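Since the structure comes first, as structure tokens, the remarks are kept for the end.
The values are calculated or read from the model by the stated rules, or taken from the named source; none is laboratory data. For clarity, every value in this text was computed on a predicted model and none was experimentally measured. A quick note on method: Cβ atoms are made from the backbone with ideal geometry, for glycine too, and the neighbour counts reach across all protein chains shown. Heavy atoms of the whole protein, side chains included, go into the accessibility calculation; ligands, DNA and RNA do not. Shrake-Rupley method; radii C 1.70, N 1.55, O 1.52, S 1.80 Å.
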Amino acid sequence: MAHKIEFRQAAVEDLRALYLHIAAEAGRERAGAYIGRIEAACMALATFPERGTVRDHIHPGLRIIGFERSASIGFVVRADIVDILRILPRGMDFPDTWENSQ
């Protein structure tokens, strides 16, 4: 059974910030390609969502997968939905709270 992928507002804002940062440094084409690959990685969770490292001590049900050694994708699996909570660039600390991500 394929899961539905939902991007929380915080994850959408993370993607936008990543795009703007990369576009300023390396151009829009490269930024768009990078964001496209991240989105594809998120969509791939539809077929195998039970992967990544479980981080219940940070947030209940939170799973983290790395992306190209440059970002971390934080998500929660709920029944047939995968909620993408945050997409954090390498070196960024995890947020103190994930409540606004839901």
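Helix 9-26 and the longest principal axis of the Cα set of the chain meet at an angle near 20°. As a fraction of the 1.4 Å probe accessible area of the chain, surface on carbon and sulfur atoms comes out at 51 percent.
Report the charge-dipole magnitude of the chain in Debye, nearest 20, computed about the Cα centre from +1 at each Lys and Arg Cβ and -1 at each Asp and Glu Cβ. Intermediate results must be reported in sequence, preceding the final value.
Numbers: 13 positive and 14 negative charges, 51 e Å.
Value, rounded to 20: 240 debye.
Looking at the range 17-76, the pairs of alpha carbons with a distance over 19 Å make up 38% of the total. Of the GluC sites (Glu not before Pro) found in the range 48-102, those in coil by DSSP whose Cβ has at most 11 other Cβ atoms within 10 Å are Glu50, Glu68. Per residue, the solvent-accessible area of the range 18-68 (1.4 Å probe, heavy atoms of protein chains only, all protein chains present) comes to 61 Å².
Grab the eigenvalues of the alpha-carbon gyration tensor for the chain, scale each by 5, take roots, and send me the semi-axes largest first in whole angstrom.
Working: eigenvalues 101, 48, 26 Å².
Result for the chain: semi-axes of 22, 16, 11 Å.
Spherically averaged projected area of the convex hull of Cα atoms, the range 53-102: 3.5 nm². Would you mind checking the tilt of helix 28-43 against the longest principal axis of the Cα atoms of the chain, expressed as 0 to 90 degrees and rounded to 10? Roughly 10 degrees between the two axes. Taking trypsin sites (Lys or Arg not before Pro) in DSSP loop conformation with at most 16 other Cβ atoms inside 10 Å as exposed sites, the chain has its longest uninterrupted site-free stretch at 1-50.
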